[in-house]
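Working notes, beginning with the structure itself.
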Amino acid sequence: MLDATSTKYLHKKAWTELNEREDSSQEVVKFRMLIEKLEGLTCPTDEQFLIRFLRAKKFHRDEAMKLLISYYEMRRDNPSLFRNLNPEYLRPSLEKRLQHVLSSRDDKGRQVFIFRAGSWNPNEVSLDNIFRCNYLYLEEMTSLPETQINGISAVVDFHGFSFFQARHFTPKHALRMIKIIQGSFPCRFQEFHLVNQPYIFHLVYSIVKPFLSEKIRDRIHVHGTDLNSLHRFLRPEILPEFLGGSNNNSWDADWLVFMKRMLDKNQHYKEMMSQQYGFRNIENSLNT
């Protein structure tokens, strides 16, 4: 729950950075009317769902519409990834604890997502399920207005990453990941921090880099083993010990809290990812 000071700060930030006005509900109504004119698309139309797209595109309705369409194109083009995409079904993969959300935000109010790439065992969790788990985490994080407004900082820890993992990473998987970051998900991706990356990482990154926009490339910070470099962006007080931080006591407890939060909403995710939502022939609709 936000206190009065934090709420006032959020409103000011939404106003100055996202063009969000006090009558944002009216903007949602206009956005909903635009969606209803698009034949073939079925999606939730409640304010809680739609405002994520407006905030991600600074309340430019046409851009928010493109984002919404791309969001469902991802589902159309990758049906196997979105089948049974819910916390209960993915629980065995989630319980490997490769993903984590810090309980404390960074100094700019961003939620901090950590992915332990070097701890991933491809024999236990497929790369497809890595994508699916990460996607669930993004859905849950962006359900909060504070995250919608402030955005996300992501940390990828490559400690232990080797050819064993790298050989599973194909251009197809790279393009899926890039599409999420660059226009298929309603989230403000503010910073990407890569730490402890080995030489093999550069081979993987060479697959990804040509497809990244200049805007995203500028937000990627490669720190290597210099954790002091990471700490210039993220205070050690909020980071776990393996990232040079001092906040190790709440690591397991925080993971359990976030996991329970997702599991408690399992029915919500089953409905959100069900076949009732999507489109039949969106290309034709766009040409009308």
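Tabulated results
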item	result
Shape parameters for the stretch 60-114, alpha-carbon atoms, Rg then Dmax in Å	15.8, 40
Efficiency of FRET between residue 47 and residue 19 - r from beta-carbon atoms, R0 25 angstrom, step 0.05	0.90
Probe 1.4 Å, protein heavy atoms only - accessible area per residue of the stretch 47-192 in square angstrom	38
Listed candidates (i) 15.2; (ii) 18.1; (iii) 14.1 - label of the one calculated as mean projected area of the Cα convex hull in nm²	(i)
For the stretch 13-19, Karplus couplings with θ = phi - 60° (6.51, -1.76, 1.60), whole Hz, Gly/Pro x	5, 4, 5, 7, 9, 10, 6
Listed residue pairs exceeding 29 Å between alpha carbons, taken from 66/172; 12/270; 108/260; 37/57; 37/172	12/270; 37/172
Antiparallel content of DSSP bridges confined to the chain, in %, to 5	25
Using alpha-carbon coordinates, inclination of helix 199-208 to the longest axis of the chain, degrees	10
Computed helical MRE - 222 nm, the chain, DSSP H runs ≥ 4 contributing -39500 (n - 2.57), nearest 500	-14000 deg cm²/dmol
Tilt relative to the chain, helix 24-36 - C-alpha long axis, 0 to 90 degrees, to 10	70
The chain - percent of accessible surface contributed by carbon and sulfur, probe 1.4 Å	50
Rh (Kirkwood; distinct C-alpha pairs) - the stretch 1-135, Å	17.7
Stretchable slack from residue 80 to residue 97, in nm (0.36 nm times residue separation minus alpha-carbon distance)	3.9 nm
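The values are calculated or read from the model by the stated rules, or taken from the named source; none is laboratory data. As the structure is a prediction and not an experimental result, all values here were calculated from the model. Glycine gets a Cβ as well: all are built from the backbone with ideal geometry, and neighbour counts include every protein chain shown. Just the protein is used for accessible areas: all its heavy atoms, side chains included, with ligands, DNA and RNA removed. Shrake-Rupley method; radii C 1.70, N 1.55, O 1.52, S 1.80 Å.
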